[in-house]
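Here the structure comes first, spelled out in structure tokens, and everything after it is commentary.
The values are calculated or read from the model by the stated rules, or taken from the named source; none is laboratory data. None of the values given here were measured: they were computed from a predicted structure. Counting neighbours? That spans all protein chains shown, and the Cβs are built from the backbone with ideal geometry, glycine included.
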Amino acid sequence: MRKLAIAVAVLMSAGPVTTAAQAATGILATHRAVYDLSLKSASERSGISGMAGRMVYEFNGSACDGYTVSFRFVTQVLTGNESRLTDQQTTTFEDVRDRTFRFVTRSFVDETLDRETRGSARAQDGGLSIALEQPEKTTLNIPDARLPTEHLLEMIERAQAGERFYESRLYDGSDGGDTAMITTSILGAEQAPEAGDDEAAAAGDLSDDRFWPVSMSYFEESAEGDGLPVYSISFKLYENGVTRDLTMDYGDFVLEGELAALEMFEPEPCE
């Protein structure tokens with residue numbers, strides 16, 4: 001579910017892997033965004049009768065010192081007469097210059113730890129070298145892929161250039177942390193907020209700023225043909241990396257995330 005932090009990461013595009021990071025470093029705004037989550041739809045097969053929650057995304061750091069993301073995704077899930085509380089907590093650090101990435105994710109169900117994934121990745125010899133500590137200690141090498149902040153920078157650069165579609169390989173340490181995913185991104189033309197856009201007001205100083213509507217789909221790397229995505233997300237993206245108006249499609253159910261609060265931090269000096 002944290003693939004929003006996206007706010008954020010990949011290969012299969014032309015040019016050297018560092019191009020986007022070199023061109024766009026320094027434009028990302030450090031901030032804390034809070035999103036209210038609600039269930040948009042659910043299939044009968046999902047067994048879900050209701051879902052609501054909150055997502056908090058905090059982005060700190062600089063292009064010189066690296067970027068830290070703290071992310072928490074809490075939902076109350078209703079299935080028939082039962083209720084389940086899920087809580088996913090993720091912290092990552094990424095250096096876009098050295099192309100290194102560290103991550104830890106803990107998933108709780110009803111306040112009991114259900115799973116922990118911890119590890120790191122480093123660009124090496126034209127690929128990614130991954131060292132996992134949890135759930136099992138292991139090392140492996142995979143084909144090169146964009147890292148989350150690197151991917152966000154690339155997306156902004158492509159949107160600014162007027163590109164509308166591209167495909168990438170993304171590694172963000174999700175699931176077991178042992179594989180990348182293929183992403184397809186559709187970047188809409190830059191837009192101004194419409195009259196009566198209540199959510200825009202929550203964006204504070206950004207409320208009148210233009211944005212790009214973005215749709216992303218995530219596919220298993222081993223998928224063949226025109227298979228269905230594992231997960232899809234759409235959102236409005238500002239040129240400083242802030243996002244709002246989220247729709248997260250997990251196949252059997254769809255969640256909406258409305259920006260409830262946005263706090264912009266003072267940018268860290270980059271010397």
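Going through the stretch 70-118 one residue at a time, which ones are under 20 Å from the mean Cα position of the chain (by Cα) and of a type in the set (D, E, K, R)? Break it down stepwise before answering.
Pass one, the stretch 70-118, residues under 20 Å from the mean Cα position of the chain (by Cα): 70-75, 86-97, 99-108, 115-118.
Hits for the stretch 70-118 are R72, D87, E94, D95, R97, R99, R102, R106, R115, E116, R118.
Can you confirm whether the stretch 185-198 contains a residue that is farther than 22 Å from G251 by Cβ, touching a helix residue (DSSP H, G or I) at 6+ places or on another chain (Cβ under 9 Å) and of a type in the set (S, T, N, Q)? Looking through the stretch 185-198, none of the residues is farther than 22 Å from G251 by Cβ, touching a helix residue (DSSP H, G or I) at 6+ places or on another chain (Cβ under 9 Å) and of a type in the set (S, T, N, Q). Within the stretch 55-68, if we keep just the residues that are in contact with a Gly (Cβ under 9 Å, 6 or more places away or on another chain) and within 24 Å of D245 (Cα to Cα), the residue that is surrounded by the most Cβ atoms within 10 Å (Cβ to Cβ) turns out to be Y67. Checked against the criteria, G53 does not count as modelled with pLDDT under 95, in a strand (DSSP E or B) and out of contact with any helix residue (DSSP H, G or I) (no Cβ under 8 Å at 6 or more places or on another chain). Cβ-Cβ contacts under 6 Å between residues 6 or more apart (or on different chains), taken from a first residue in the stretch 216-229 that is over 12 Å from R169 (Cβ atoms) to a second residue that is modelled with pLDDT of 75 or more and assigned to a loop (DSSP other than H, G, I, E, B), are listed as S217/P229.
Of the residues that make up the stretch 193-200, is at least one within 30 Å of D114 (Cβ to Cβ) and either surrounded by 13 or more Cβ atoms within 10 Å (Cβ to Cβ) or among the acidic types (D, E) (or both)? Step through it out loud before you land on a result.
Within the stretch 193-200, the subset within 30 Å of D114 (Cβ to Cβ) is none.
Looking through the stretch 193-200, none of the residues is within 30 Å of D114 (Cβ to Cβ) and either surrounded by 13 or more Cβ atoms within 10 Å (Cβ to Cβ) or among the acidic types (D, E) (or both).
Table: residues versus (1) touching a Phe, Trp or Tyr at 6+ places or on another chain (Cβ under 7 Å); (2) modelled with pLDDT under 90; (3) of a type outside the set (A, V, I, L, M, F, W, C).
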{"site": "D175", "(1), (2), (3)": "no, yes, yes"}
{"site": "T179", "(1), (2), (3)": "no, no, yes"}
{"site": "G204", "(1), (2), (3)": "no, no, yes"}
{"site": "Y231", "(1), (2), (3)": "yes, no, yes"}
{"site": "K236", "(1), (2), (3)": "yes, no, yes"}
{"site": "E239", "(1), (2), (3)": "no, no, yes"}
{"site": "D245", "(1), (2), (3)": "yes, no, yes"}
{"site": "M248", "(1), (2), (3)": "no, no, no"}
{"site": "F265", "(1), (2), (3)": "no, no, no"}
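Filter the stretch 80-110 for residues that are among the aliphatic types (A, V, I, L, M) and assigned to a strand (DSSP E or B) and give the result. Show your work before the answer.
First, the residues of the stretch 80-110 that are among the aliphatic types (A, V, I, L, M): 85, 96, 104, 109.
L85, V104, V109, listed by residue number.
For the structure I just gave you, tell me whether I48 is within 25 Å of R115 (Cα to Cα) and outside any strand (DSSP E or B).
The answer is yes for I48.
There is no residue in the stretch 111-127 that is of a type in the set (K, R) and assigned to a loop (DSSP other than H, G, I, E, B).
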